[in-house]
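Asks: Below are the structure tokens for one structure; questions will follow.
The values are calculated or read from the model by the stated rules, or taken from the named source; none is laboratory data. The structure displayed is predicted, hence computed values, not measured ones. Here the Cβ positions follow ideal geometry from the backbone for every residue, glycine too, while neighbour counts run over all protein chains shown. The area values use the complete protein model at the heavy-atom level, side chains included, leaving out ligands, DNA and RNA. Shrake-Rupley method; radii C 1.70, N 1.55, O 1.52, S 1.80 Å.
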Amino acid sequence: MKERIRQLLEDALPLVDFDSDFLFSELDSLGVTTILMLLSDEYGIKLEATDATPRNLKSLDSIVAMVEGKCKNEKM
């Protein structure tokens, strides 16, 4: 899942360093919206503005954890 998310996001946001430990600080509002929309469409989950927190978007690993959590919760 991590590599698929990386590929999706790098294709959509080529100027963003997804290896950064401070990923959230590199994102503008359009970048955050793009991430939420891409992941919602790809995984069939509902991501909202409230999910766009510095904690959830801190790094690629935290983005993956957010998606995994949403996938798990929506299957219940």
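Asks: Output the qualifying pairs, or none if there are none: Cβ atoms under 6 angstrom, residues six or more apart or on different chains, first residue in the stretch 38-50 and within 10 Å of residue 70 (Cβ to Cβ), second residue of a type in the set (Asp, Glu).
Replies: From the stretch 38-50, the pairs are 45/74.
Asks: Let me ask something else about it. Considering only the stretch 22-48, how many residues are touching a helix residue (DSSP H, G or I) at 6+ places or on another chain (Cβ under 7 Å) and open to solvent by 40 Å² or more (accessible area, probe 1.4 Å)?
Replies: Residues meeting the conditions: 4.
Asks: Given the criterion surrounded by 16 or more Cβ atoms within 10 Å (Cβ to Cβ) and among the acidic types (Asp, Glu), identify the matching residue among 61, 51, 19.
Replies: After ruling out the rest, the residue left standing is 51.
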